[in-house]
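Below is one structure, written out as structure tokens; comments come after it.
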Amino acid sequence: MNKQENFDYRPLISRIDNGTEEAKNTRPRWGLALARSPWHNRGLVVVFVVQSLLNIFLIVSGLYLYSRRGPSNPIFPQLTYSPVQDLVSFGVQKFYEGFGENITIYQWNPSDEVDQASEDLIAVIGISEVPRSIAEKLPNKTYPLAGSGGNYILELDVFYQLHCLNTLRMALSPDYYRRKNVTKLELSFLEPPHARHCLDVIRQSLMCNADIATYVWQWDAEDNMVKPTGNVVHTCRDFERIVDWAKGNRIRTHFDNKVHVEDDLDVPIIYA
């Protein structure tokens, strides 16, 4: 018997793919072999786990940096802590330019009614009393209230600005308020040094907040010309929510500014 008959002879595939069905069926299926490889599956699992851990790290880092936002944080250098920052919401409100029929009570000639309306914006709310947990987050150190059980004193700047605005309103009618039965402190508000102080407080606030709403020009049919108008909409913080917080945290402890209180609260004074 011929020895070659004991072997199953198959010719090698030609280096040249002739496109026959036999050639296609006899090609090595490297992709399928790789997909079925246990090392390939393990590699996909490792990549998935690493990517998931990286995503979790980035999320946690972002939340941490956001919680530590403030002037000393280079990620959010423009944000300073405020006890009402989480209550702030925004809405659209129309402004009126304050001419003709578009005037408010704050523009009226001085009277008891006007004074009361102005005082209602600040006197009932004014200064606040907050716990130590809030005071320690402030960018500037504030003072403890004696006899308050560890509370501190502060005032939201908007109410101080409104005080200054009211001071300038009163300074426009000094004779009226000198004749009226006002306190010595209120009379001092009418003097030029205090009025100039308030003028610059408001200037700084305007530049700091930099309202970017737009004045527009419209045709005035009565005067037969184009005029600028301030009767336009603005994006505004919800003032009532801020007022509600201030009312709920109104100072209850008598504040004696002649009493010195030892305080161990360590707050870095970022801006002196």
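The values are calculated or read from the model by the stated rules, or taken from the named source; none is laboratory data. Please read all numbers here as calculations on a predicted model, not as lab measurements. Here Cβ is always computed from backbone atoms with ideal geometry, including for glycine, and neighbour counts include all displayed protein chains.
Quick notes on this structure:
- Members of the range 86-108 that are in contact (Cβ under 8 Å) with a residue 60 or more places away in the chain and either within 12 Å of Val232 (Cα to Cα) or not in a helix (DSSP H, G or I) (or both): Val88, Ser89, Phe90, Gly91, Val92, Gln93, Lys94, Phe95, Tyr96, Glu97, Gly98, Asn102
- Candidate set: the range 189-217, residues that are charged (D, E, K, R) and in a helix (DSSP H, G or I); chosen: the one surrounded by the most Cβ atoms within 10 Å (Cβ to Cβ): Arg196
- Among residues of the range 141-178 being in a helix (DSSP H, G or I) and β-branched (Val, Ile, Thr), the one that is nearest to the chain's Cα centre (by Cα) is Val158.
- Filter pass, Thr235 being under 34 Å from the mean Cα position of the chain (by Cα), outside any strand (DSSP E or B) and not acidic (Asp, Glu): no
- Of the residues making up the range 218-272, those that are small (Gly, Ala, Ser), within 24 Å of Lys94 (Cα to Cα) and surrounded by 11 or more Cβ atoms within 10 Å (Cβ to Cβ) number 1.
- Counting only residues that are basic (Lys, Arg), in contact (Cβ under 8 Å) with a residue 12 or more places away in the chain and over 25 Å from Gly149 (Cβ atoms), the range 221-272 holds 2 of them.
- Residue in the range 194-209 that is within 18 Å of the chain's Cα centre (by Cα), under 30 Å from Glu129 (Cβ atoms) and modelled with pLDDT under 95 present: yes
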